Every structure is written in C-alpha cells, then in structure tokens.
Amino acid sequence: MKNCSTLTIATLCLSAMIVMLITGPVGAGKPTPPSPPFTCTGSPLEMNNSSLCGATKWIQITDSTAACTIKCFQQKALGGAYRKLDCGMVLISWIGGTVIADPTKELGFYFDPASIVVAENTAEGMQISVCTIRDNPAAFDGEFWYILYMPLEIRDL
C-alpha cells in the first residue's frame, strides 16, 4: 500500500512538471488587465435611434436597468480598456417600449420612457419598424413593440 501512494504522488508530480514544460509556469506571460470598473447611476437618457426605413426617433429612457445597459455598451464601444466590459448580454439588437400615440410628438408617437427595455433577441411577432408605427400611431397605441436598436446619438437628460 505504501508503494502505491508513493507511485501516485510521483506520477502526479511528473505530470505537473510535463505540463509546466509545455505551457510554462502558472502566471507566466502577460496577464490580461481587467476592465476599469464601470459604474452607472441609472440616470435618464435619450437616444436618437435610426431605422432601416430612413426615419429617426428620439427615445427617452428612464428605466435604470435599460439606461445602465445602454451606457455600458456605449463605454464598451470606446474600445481600449473598456472592450471587455460585461454588460449582461452579448449585444443590444432591439429596444422596445409601450407606444403612446401623440400627434404633437415627432412622428406622431413616443415610447413610454419608463417602459423601455433592451434585448439581444425578441419574439418576431413583437418586432416592428418606426415607419410602420409612424404611418398609423393610433393602431399601436398602448401596445408594447420592439424596434431595431440603431443609436445615432446617446445623451444624458
């Protein structure tokens, strides 16, 4: 029994030495610096969102989670040390909210700022274009819809 334990320990040590010869000692090489800390207060934002139909729409965001996710991706897009930020999703593809028909607003509607969410994926039946809503805002009034996330400008309110 004593020989078995000694043999097992010797085998483990030999295996560790082979791994070190192949890969080098642990910690060798240039360590990857962590991203700088990202802090977000969740303060309200507004963004000018483009669309495939050529219309642009200013969207106000008061939901702190959505605002922080947008700010995180805005920092990540700067690259450099921020490129490895973990924003909670791989990318933002969609921005959605409850449509409020209002003829005094740009394109005749706006999204309820407190209802805004961002998403990587969404159900196809919940996707729409800004121009489709613009053409008949009353038909979509009070309903939740997603549009493509295509920010042109993002700024604090």
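Computed quantities for the displayed model
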| item | result |
| --- | --- |
| Residues within the range 93-112 that are more than 18 Å from the chain's Cα centre (by Cα), outside any strand (DSSP E or B) and surrounded by 16 or more Cβ atoms within 10 Å (Cβ to Cβ), tallied | 1 |
| Condition met for I147 (more than 24 Å from C40 (Cα to Cα) and assigned to a strand (DSSP E or B)) | yes |
| Residues of the range 41-79 satisfying the condition of being surrounded by 17 or more Cβ atoms within 10 Å (Cβ to Cβ) and free of Cβ contacts under 8 Å to residues at least 12 places away in the same chain | K76 |
| All positions within the range 65-123 that are touching a helix residue (DSSP H, G or I) at 6+ places or on another chain (Cβ under 6 Å), modelled with pLDDT under 90 and polar (S, T, N, Q) | Q75 |
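The values are calculated or read from the model by the stated rules, or taken from the named source; none is laboratory data. Keep in mind it's a predicted model, so treat the numbers as computed, not measured. Here the Cβ is made from the backbone with ideal geometry for all residues, glycine too, and neighbour counts use every protein chain on show.
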